[in-house]
1. Check whether at least one residue in region 84-98 is assigned by TED's automatic domain parsing to the domain that holds SER141, more than 20 Å from VAL152 (Cβ to Cβ) and among the β-branched types (Val, Ile, Thr), and report yes or no.
2. Name the strands (runs of 3 or more DSSP E) wholly within region 18-108 that hold at least 1 residues that are at pLDDT 75 or above, exposed (fewer than 13 other Cβ atoms within 10 Å of the Cβ) and under 18 Å from the mean Cα position of the chain (by Cα)?
3. State yes or no: is ASP65 touching a residue at least 12 places away in the same chain (Cβ under 8 Å), farther than 18 Å from GLY30 by Cβ and not small (Gly, Ala, Ser)?
Amino acid sequence: MANLNVRICSRPQCKKIYTKDTRDKYCACGALIIESNQSNDQNTRDRKPAAKSMKAQLVLLLDDDSEKIFALSDRCVIGVSSESNTPDIDLRPYVGETKVSKKHALIYKDRGGYFIKNTSKNHSVHLNEKAIVNEPVKLQSGDMIVLSKAIVFQFEEV
């Protein structure tokens, strides 16, 4: 983008444009709003086909506008720890009273991409505002993942 006086949504499917004066941190779709001069490399990266050596991360968006980044391996269980369970991404320090299962969701790498599956029988997993019920769904950079309607992640290919 040549115009450096704008900010854009970081979600490739949305790409809504905001004025530089916009103070919002998140787009209406839930993705981060980023400076246009920072987006050129990211936009190029987002549009590349998935490679076998692709790396990815989850960005946990916290209530105080801070973020926690979790690097993804080929298979990651997201949940809360207990005496008998330690998930790859442990949300215990971040959930408070929110209902999150011990094994709430699974993200795994397959066929050149990352997929997410709801592994909780009692709690929800949403991807871009659509519930994930039975079948795994392929993730794309910028996708928003919400657990139990309260824990919000952004998936990013890096």
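1. Restricting attention to region 84-98, the residues satisfying the condition of being assigned by TED's automatic domain parsing to the domain that holds SER141 are 84-98.
Now drop any that are not more than 20 Å from VAL152 (Cβ to Cβ), which leaves 84-86.
Adding the requirement that they be among the β-branched types (Val, Ile, Thr) leaves 86.
Yes, the conditions are met somewhere in region 84-98.
2. Passing ranges, in order: 67-72, 75-79.
3. no
The values are calculated or read from the model by the stated rules, or taken from the named source; none is laboratory data. Keep in mind that what you see is a predicted model, and the values were worked out from it rather than measured. Virtual Cβ from ideal backbone geometry, glycine too; neighbours counted across all protein chains shown.
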